[in-house]
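Structure first, commentary second.
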Amino acid sequence: MAGDNSFRPGEIVKTSGIYSVVHDDGHGAFEVTCVEGEHFPPTRSGKGARYELKHAATHAHRHSELKGSEARGS
């Protein structure tokens, strides 16, 4: 089921998290981690696949509770 949380290979990841890679034929789905700002990678089949967000998560270097210059916004 495509929708607001469904993306195609080559699109830019807007939300870091765990994504299911779903083929249009419904076979061989699996989960991957994708990071905000990167591109959704191509699949081996080259067509008929989409990424569906399952669980959003803040990347560690951006989380305000973790130590590091990027986390503090500087």
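The values are calculated or read from the model by the stated rules, or taken from the named source; none is laboratory data. Computed from a predicted structure; not experimentally measured. No Cβ is skipped: glycine too gets one built from the backbone with ideal geometry, and neighbour counts run over all protein chains shown. Just so you know, the surface numbers come from the protein's heavy atoms only, side chains and all, with ligands and any DNA or RNA stripped out. Shrake-Rupley method; radii C 1.70, N 1.55, O 1.52, S 1.80 Å.
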*Of all accessible heavy-atom area on the chain, the percent that carbon and sulfur account for (1.4 Å)*: 51
*Glu38-Ser64 pseudo-label distance in nm [points 7 Å out on the Cα-to-Cβ vector]*: 2.6
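Cβ neighbours within 10 Å, averaged per peptide: list 29-36, 11-18, 49-56, 60-67 in order, most packed at the top.
49-56, 11-18, 29-36, 60-67
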*Using θ = phi - 60° and the Karplus curve 6.51 cos²θ - 1.76 cosθ + 1.60, what whole-Hz ³J(HN,Hα) does each residue of segment 18-30 get, with Gly and Pro shown as x?*
9, 10, 8, 9, 10, 8, 4, 7, x, 9, x, 5, 8
*asked:* Under 5 Å between amide hydrogens, which residues at least 5 positions from Ala57 or on another chain qualify, with H placed 1.01 Å from N in the peptide plane?
replied: Ser16, Gly17, Ile18
*Near Lys14, which lysines are there with a Cα under 17 Å away, not counting those fewer than 8 places off in the same chain?*
Lys54
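All other residues with a Cβ under 10 Å from the Cβ of Leu53 taken together, and with Lys, Arg as +1 and Asp, Glu as -1, what is their net charge?
So the environment of Leu53 carries a net charge of 0.
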*How much length is gained on full extension from Lys47 to Thr15, taking 0.36 nm per residue of separation minus their Cα-Cα distance?*
9.3 nm
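So what is the accessible area of the chain per residue, in Å², with the probe set to 1.4 Å?
Working: 5370 Å² over 74 residues.
With the other protein chains kept in place, the chain gives 73 Å² per residue.
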